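The values are calculated or read from the model by the stated rules, or taken from the named source; none is laboratory data. Small disclaimer: the values here were computed from a predicted structure and weren't measured. Glycine gets a Cβ as well: all are built from the backbone with ideal geometry, and neighbour counts include every protein chain shown.
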């Protein structure tokens, strides 16, 4: 994959000029929008809009935001006006964009670790960039460094979708096999809730069967997509608020590093 990306860089980047998008583009996919943020392109004149669901603060991007999620309607066709669209893959959106006159690319990140999502997104974005060789290389170097930030010993952690209350009331869903949890499991860094599902309604019976030294960690995103916080409720219960915590790719790579450094 690294060789493949290097070939793309050679073919796609010019040797001069500021980093910019070659052509007008709508980035409705969280993984692509967060990469554009990481290489400093949220202010590019050719970025015509992002999704209102992308984990980007108003301060970082003040341009148009497209609502609707997977339920885009025909009114958006006039908004897109033939401009290329990158979107999060789903059956609904694949059907919506199929047969349209303008180009569109769906990003399918299901079951992928954050590192693989970043590689996939870069393979899509780099042919659409010009003069960005340094920015992309710096991002790849940063991510290579993040990959080496690991727990010193195998941890027992269960991640929950949402915040744990002050009374230690747990959110309804466990994050079982999705994104950053998948990466932690594949690298042997954690033991977690026993399930092959991405998200699971936890069982009191199963929780009681686990050893008492398990850590329970609530994961959520801030409303303003700016706040980062780590809160210890007691020796076993914690809450982490992190921008883009639930968005596949770059922000989950950074979340993994934050988790390791704080737990």
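In segment 179-197, the qualifying residues are those that are out of contact with any strand residue (DSSP E or B) (no Cβ under 6 Å at 6 or more places or on another chain) and without any contact (Cβ under 8 Å) to a residue 24 or more places away in the chain, and the one that is surrounded by the fewest Cβ atoms within 10 Å (Cβ to Cβ) is 196. One residue is enough: does segment 209-223 have a residue meeting the conditions in contact with a strand residue (DSSP E or B) (Cβ under 9 Å, 6 or more places away or on another chain), without any contact (Cβ under 8 Å) to a residue 12 or more places away in the chain and farther than 17 Å from residue 113 by Cβ? Within segment 209-223, none of the residues are in contact with a strand residue (DSSP E or B) (Cβ under 9 Å, 6 or more places away or on another chain), without any contact (Cβ under 8 Å) to a residue 12 or more places away in the chain and farther than 17 Å from residue 113 by Cβ. The residues on offer are 74, 95, and the sole one that is more than 20 Å from the chain's Cα centre (by Cα), loosely packed, with under 13 Cβ neighbours inside 10 Å and modelled with pLDDT of 65 or more is 95.
On inspection, residue 157 fails the criterion of being surrounded by 14 or more Cβ atoms within 10 Å (Cβ to Cβ), in contact with a strand residue (DSSP E or B) (Cβ under 8 Å, 6 or more places away or on another chain) and part of a loop (DSSP other than H, G, I, E, B). Residue 177 satisfies every condition listed in (1) outside the structural domain of residue 257 (by TED's automatic domain parsing); (2) touching a helix residue (DSSP H, G or I) at 6+ places or on another chain (Cβ under 8 Å); (3) modelled with pLDDT under 95 except (1).
Table: residues versus (1) in a helix (DSSP H, G or I); (2) in contact with a helix residue (DSSP H, G or I) (Cβ under 6 Å, 6 or more places away or on another chain); (3) more than 21 Å from residue 188 (Cα to Cα); (4) modelled with pLDDT of 95 or more.
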residue	(1), (2), (3), (4)
230	no, yes, yes, yes
234	no, no, yes, yes
238	no, no, yes, yes
244	no, yes, yes, yes
254	yes, no, no, yes
258	yes, no, no, yes
261	yes, no, no, yes
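Quick one: is residue 150 surrounded by fewer than 17 Cβ atoms within 10 Å (Cβ to Cβ), more than 21 Å from the chain's Cα centre (by Cα), in contact (Cβ under 8 Å) with a residue 40 or more places away in the chain and part of a loop (DSSP other than H, G, I, E, B)? Here the answer is no, as residue 150 does not meet what is asked. Checking each residue in segment 165-193 for being under 20 Å from residue 252 (Cβ atoms) and part of a loop (DSSP other than H, G, I, E, B) picks out 171, 176, 177, 178, 179, 187, 188, 189, 192, 193. Filtered by the rule that a residue be touching a helix residue (DSSP H, G or I) at 6+ places or on another chain (Cβ under 6 Å) and over 13 Å from residue 87 (Cα atoms), segment 30-41 gives 35, 38, 39.
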